[in-house]
Amino acid sequence: MSTHDDQAQPVQGKVQLDDSAPDFTLPDQSGKPVSLGQFLGKTDIVLFFYPRDNTAVCTAEACAFRDSYELFKQAGAEVI
C-alpha cells in the first residue's frame with residue numbers, strides 16, 4: 001500500500017472535456033494536504049495527472065510539465 005492510499009477518495013465518475021473538476025484533497029510532495037478548492041476563484045489552475053508511474057508516457061509528460069512550468073506561472077496559472 002502506498003502512503004497516499006489512506007487519503008484516496010471514491011471516484012464520482014469520469015471527468016469529461018469541459019467538465020468542472022470535482023473538489024479533492026491529496027498530499028503534496030511534502031505530505032501536506034492540498035485541496036483543489038483552495039485555489040478556485042483565486043487563480044487559473046493546471047491539473048497535472050499522469051497515467052501510470054515509471055512508464056515512458058508518464059516520464060515524457062512530467063518532463064513536459066516541468067519544462068513548461070515557468071510558462072504556466074507567467075500566464076498566472078498554478079500547476080497542481
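Observations
- Selection from segment 66-80 of residues that are open to solvent by 50 Å² or more (accessible area, probe 1.4 Å) and either part of a helix (DSSP H, G or I) or modelled with pLDDT of 90 or more (or both): 66, 67, 69, 70, 71, 72, 73, 74, 75
- Residue match in segment 46-60 (condition: on the phi > 0 side of the Ramachandran plot, modelled with pLDDT of 85 or more and over 14 Å from the mean Cα position of the chain (by Cα)): no
- Of all residues making up segment 20-58, the number that are among the charged types (D, E, K, R) and touching a Ser or Thr at 6+ places or on another chain (Cβ under 7 Å): 1
The values are calculated or read from the model by the stated rules, or taken from the named source; none is laboratory data. This one's a predicted model, so the numbers in the text were calculated from it and none came from an experiment. Because the Cβ atoms are built from the backbone with ideal geometry, glycine has one as well, and the counts that use them run over all protein chains shown. The accessibility values were calculated without ligands, DNA or RNA, using every heavy atom of the protein model including side chains. Shrake-Rupley method; radii C 1.70, N 1.55, O 1.52, S 1.80 Å.
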